[in-house]
Amino acid sequence: MLVTVRAPASTSNLGPGFDCLGLALSLTSTFTFELNDTLVIDGCPEEFRNEDNLVIQGFREVYMEAGETPPNVHLTIEAEVPVARGLGSSSTCFAAGVAAANAYLGNRFTREQLFQICARFEGHPDNAAPCMLGGLSASFATEDDFHSVPLALDPEWRFATVIPDYEVKTHEARAAMPKEISVKDSVFTTSHAIAMIHALREGDEKLLALACRDRLHEPCRKKLIRDYDALRALALASGCAAFFISGSGSTLIAMTRSQEVAERFTREAVAKFPTFGAHILRAVEGGTQVTIS
């Protein structure tokens, strides 16, 4: 029995929605599993070809949740989602392992239960929700569970994504943030996040341009991305409506409803930064998908 799992990239925060807004994007990593006598992993650096691999951790977590002994597998990874760039690569890996294990167990767990397992492992749900469930969502944690609220999104949005050739480590991005913020800045960020949700739903570029502003994390984190200012200026000059750091970076995303504008920005970005990657992505529904053959 061959199990193939496709897990989408995700972007979190979307500017003012720190640690709560998340969106699945049309960049996908593929993971193929086949039961095997020993653990074999292909398609990743040698240092990750062992039991500490996040895919294998997710796979074994579900078996342990079911009270079963996890079997060995031959795992083949085709990773389109770049590692450590703020596009949820860790979520794709863990979610893939979780989904594959559930398939081998005869779908013993619901998709909602699989989301809970992923969010619990990561400690926060803002990437786990879009990766496992798809679409745009607002997520939060209570004492016992994680919750994801699906949000409507105009399908015409393009996410012009530029991926620098350097990473920003999550712990560095967290450490860069202030320990406290003023009430004024809290109100600013909350109100802008609410307005942004409306703009995303309605396809309102003018409102998005006003709403996609943050005083909580981006002022600190942009200092870790040395090309932030240059790329932001390029995005806005190209006609993009908004610009934000994807997750903790280093990936940067410009939003527009125009394919022409998105192409102009990514073309000019790569011309100026030829070692950077660039994609024009769309939002995707459905989340992590499993095929059995």
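Key figures for this structure:
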item: His74 - accessible surface, heavy atoms, 1.4 Å probe, Å² rounded to 10; result: 60
item: 0 to 90° range, to nearest 10: angle between helix 111-122 axis and the chain longest Cα axis; result: 70
item: With all protein chains modelled, accessible area of Ser293 [1.4 Å, Å²]; result: 100
item: Ile280 - accessible surface, heavy atoms, 1.4 Å probe, Å² rounded to 10; result: 50
item: GNM result for the chain, Cα springs below 10 Å: residue of Asp42, Asp19, Asp126 fluctuating most strongly; result: Asp42
item: Cα-based Lys pair tally, the chain, threshold under 26 Å, eight or more apart or on separate chains; result: 12
item: Rg to Rh quotient for region 40-189, alpha carbon positions, Kirkwood Rh; result: 1.00
item: Selected from Glu46, Glu61, Glu112 as most flexible by GNM, with the chain as the system and alpha-carbon contacts under 10 Å; result: Glu46
item: Cα-based helix-to-principal-axis angle, 183-202 vs the chain, degrees rounded to 10; result: 80
item: Proximal charge balance of His192 [Cβ under 10 Å; K/R count +1, D/E count -1]; result: +1
item: Percent carbon-and-sulfur accessible area, region 1-87, ignoring ligands, DNA and RNA, probe 1.4 Å; result: 46
item: Whole-Å semi-axes of the ellipsoid equivalent to region 169-219 (Cα gyration tensor, √5λ, descending); result: 24, 14, 7
item: Cα-based helix-to-principal-axis angle, 89-104 vs the chain, degrees rounded to 10; result: 30
item: Protein accessible area in region 184-293, 1.4 Å probe - carbon and sulfur %; result: 53
item: Where the chain is the region considered: accessible area per residue in Å², 1.4 Å probe; result: 45
item: Whether region 34-88 is rounded, prolate or oblate, judged on the alpha carbon gyration tensor where a/c under 1.5 counts as rounded; result: oblate
item: Descending principal axes extents, the chain, alpha-carbon based, whole Å; result: 56, 44, 35
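The values are calculated or read from the model by the stated rules, or taken from the named source; none is laboratory data. Note that the coordinates shown come from a computational prediction; the quantities given were computed from them, not determined experimentally. Using ideal geometry, Cβ is built from the backbone for each residue, glycine included, and neighbour counts are taken over all protein chains shown. Accessible surface is based on the protein model in full, side chains and every heavy atom, while ligands, DNA and RNA are left aside. Shrake-Rupley method; radii C 1.70, N 1.55, O 1.52, S 1.80 Å.
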